[in-house]
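Take a look at the structure set out below.
The values are calculated or read from the model by the stated rules, or taken from the named source; none is laboratory data. Remember, predicted model here, so these are calculated numbers, not experimental data. As a convention, Cβ positions derive from the backbone with ideal geometry for all residues, glycine included, and neighbour counts pool all protein chains shown. These accessible areas exclude ligands, DNA and RNA; they are computed on the full protein's heavy atoms, side chains included. Shrake-Rupley method; radii C 1.70, N 1.55, O 1.52, S 1.80 Å.
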Amino acid sequence: MERQDVEDSSDDMRKVQRREKNRIAAQKSRLRQTQKADTLHLESEDLERQNAALRREIKQLTEEMKHFTSVLSSHEPLCSILTSPPPPPEVLYATHSFHQ
């Protein structure tokens, strides 16, 4: 076998090895991309569920607030605390004496 044939054969072998190595690297890269897309999809679905739950909670709290606002509005005209004059300061700040 001539020296040139040996070099050609060696070059061909390196090309085949390089192509195989490149093919495996491309395969791994595609697999990583697919896994990343799957992870992002799952995270997106989870965030959508959380968002929906939070929207339901906002709706419920808004309804509660409307209810309590209505209760307060109907109570205010009847409230003796709001309609009576405030107590004099000496009543509010009186010192209490206790039996000793």
- prompt: Accessible area per residue, 1.4 Å probe, Å², for region 1-75: what's the number?
  reply: 97 Å²
query: Cross-link partners among lysines for Lys28, C-alpha distance below 19 Å, same-chain residues fewer than 8 apart left out?
result: Lys36
query: Using a simple charge model, +1 on the beta-carbon of Lys and Arg, -1 on the beta-carbon of Asp and Glu, nothing else, what dipole does region 1-75 show about its Cα centre, in debye to the nearest 20?
result: 120 debye
